[in-house]
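The values are calculated or read from the model by the stated rules, or taken from the named source; none is laboratory data. Since the structure is predicted, the reported quantities are computational estimates derived from the model, not experimental observations. Please note: Cβ atoms are built from the backbone with ideal geometry, for glycine as well, and neighbour counts cover all protein chains shown.
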Ligand SMILES: Cc1cc2nc3c(=O)[nH]c(=O)nc-3n(C[C@H](O)[C@H](O)[C@H](O)COP(=O)(O)OP(=O)(O)OC[C@H]3O[C@@H](n4cnc5c(N)ncnc54)[C@H](O)[C@@H]3O)c2cc1C
């Protein structure tokens, strides 16, 4: 039995979610291969081959893989899939976009966003915005799985010594082409990997106030910034800040929910945080039902005071 | 250009699901059901393309029990021209749904499939990508903007780091994210009109698709519940708790 993990990277840096995905793969007690598909990926290969539990790094380097479009990556993965018992990728937008395409090309199902490996063929995954957990057994010959990163502790990114094998590229499908990207580059930690998250909701009132209030707090705590859907829809924060059922799933040590009511869909994204602090002027806001510490009051008074006293 | 929009009947998004006492499944008896919110956005986008003169016909389809007729009527009330129910005894898995959509798409000769990026019941986020694979079409998932440009579509996608603009060759599958549009409300006259619009029913066998499951649901578990913590008097108390009790700052 050999397991394939598909690495997520930007052709330069191996994304940390890959290390969480490798941890899930590790629970299958089999040899693990890591596929790096991209273009001019030498620094990714260097990082990949020393990851602690990888036996072999497979590299496909060609121009048509540079933006990781689903059509081309799926062709590649399909071409090597048959020798593997399990194929895993993190449940990021990269993994979610690509893996179902591979599974369907091979007439197999997919198990999405697992949070636990029970055995070779049985896994647990959240359903209904995390309000229930389904234990699912698969009868497919190859198990296609996306992995919720926050449910698995990352494997060590050093100590390994994997062999590297170059693959020949599959033909360009010419079906799609990335023509633009607006990727937010800040110096804040990545939302899904941050130890502290300061998240703001509709209560912030405007984009200006969102940043005016939350940035100083995030700076003090070296935190990432997050937002509710309402805050993103209203234009206070960019889309990639959204935490929730349909945004990012986070599990930091400390999560501040500021001016966020606590809708099911928001809770789905942050309920595994270690400590939750809620600041809201409405003492009946549902967020207080699951916060460890609650402060009832006007966030425009509380947040600046908190920043001043930290 | 014909647009096919698959829609699913799911638990209403305002309702929190209950688990059956024996842990065999979730309990949907007497639960309010609605059209999956992402699918409503898909119908809206298709309607806008029709109103812009780009699409000629919008066909809604659903795969499920007879009860799914409701959500097809909703789609018709929102403007879809006609609808197709693939009647099944149980909710099928995404791969089976993808196969059914493919066959209907082949029959209807649609050029574009717009579907929700995920259903809010099983949160799988698979069907659109699988349909694209089975048809050999291009795919643009998690769309927040769609422009049709000759034989291609320009689609802005919500990705983890921000936004990406993808140019996909038509025919294509597009899956919708929340910010693609704000769906209209069905007006009473349109709800009345929807009752007279065509609704054709097929079985999976009629379409020659094997919908037998690959996955077995062994049990459904309660997630660990968080309980409400303490309400604090002031900021000093909060800082104290975070430092000495939780030790997170
Ligand atoms: C299919 C679907 C998917 C969804 N996915 C997501 C998702 O991924 N993530 C997500 O977050 N939501 C999601 N939602 C939306 C969700 O249902 C809620 O609408 C949203 O989370 C509400 O955001 P909010 O808490 O910021 O806004 P509101 O519910 O409006 O809450 C604002 C809060 O701010 C408080 N407030 C206002 N002013 C102040 C002040 N001066 N001081 C202190 N407190 C103040 C109010 O008391 C209130 O509690 C989804 C919805 C649907 C239908």
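Key figures
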item	result
Test: residue in the stretch B:111-129 that is within 11 Å of chain A (Cβ to nearest Cβ) and within 23 Å of residue B:206 (Cα to Cα)	yes
Any hit, the stretch B:211-222, residues being over 26 Å from residue B:105 (Cα atoms), touching a strand residue (DSSP E or B) at 6+ places or on another chain (Cβ under 6 Å), crowded, with 19+ Cβ neighbours inside 10 Å and within 13 Å of chain A (Cβ to nearest Cβ)	yes
Within the stretch B:158-190, considering residues that are within 16 Å of residue B:112 (Cβ to Cβ) and within 16 Å of the ligand (Cβ to nearest atom), the one surrounded by the fewest Cβ atoms within 10 Å (Cβ to Cβ)	B:181
Out of A:218, A:194, A:169, A:227, sole residue that is within 16 Å of the ligand (Cβ to nearest atom) and more than 11 Å from every other protein chain (Cβ to nearest Cβ)	A:227
Residues located in the stretch A:92-146, provided they are within 17 Å of residue A:272 (Cα to Cα) and out of contact with any strand residue (DSSP E or B) (no Cβ under 9 Å at 6 or more places or on another chain)	A:129, A:130
Every residue from the stretch A:79-107 that is assigned to a loop (DSSP other than H, G, I, E, B) and more than 7 Å from every other protein chain (Cβ to nearest Cβ)	A:84, A:85, A:91, A:106, A:107
Residue in the stretch A:211-220 that is modelled with pLDDT of 95 or more and on the phi > 0 side of the Ramachandran plot present	no
Filtered residues of the stretch B:32-56 (kept if more than 16 Å from the ligand (Cβ to nearest atom) and under 19 Å from the mean Cα position of the chain (by Cα))	B:46, B:47, B:48, B:49
Residue in the stretch B:54-65 that is within 13 Å of chain A (Cβ to nearest Cβ), over 21 Å from residue A:109 (Cβ atoms) and not in a strand (DSSP E or B) present	no
Filter result for the condition that a residue is surrounded by 19 or more Cβ atoms within 10 Å (Cβ to Cβ), out of contact with any helix residue (DSSP H, G or I) (no Cβ under 6 Å at 6 or more places or on another chain) and part of a strand (DSSP E or B), over A:34, A:58	A:58
Every residue from the stretch A:271-282 that is surrounded by fewer than 22 Cβ atoms within 10 Å (Cβ to Cβ) and within 6 Å of the ligand (Cβ to nearest atom)	A:281, A:282
Pair list, Cβ < 7 Å and 6+ apart or interchain, from the stretch A:195-212 residues that are within 13 Å of residue A:238 (Cα to Cα) to residues that are surrounded by fewer than 16 Cβ atoms within 10 Å (Cβ to Cβ)	A:207/A:235
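Table: residues versus (1) near the ligand (Cβ under 8 Å from one of its atoms); (2) at the interface with chain B (Cβ under 8 Å from one of its Cβ atoms); (3) under 21 Å from residue A:114 (Cα atoms); (4) within 19 Å of the chain's Cα centre (by Cα).
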residue	(1), (2), (3), (4)
A:239	no, yes, no, yes
A:251	no, no, yes, yes
A:256	no, no, no, no
A:269	yes, no, yes, yes
A:284	no, no, no, no
A:287	yes, no, no, no
A:290	no, yes, no, no
A:295	no, yes, no, no
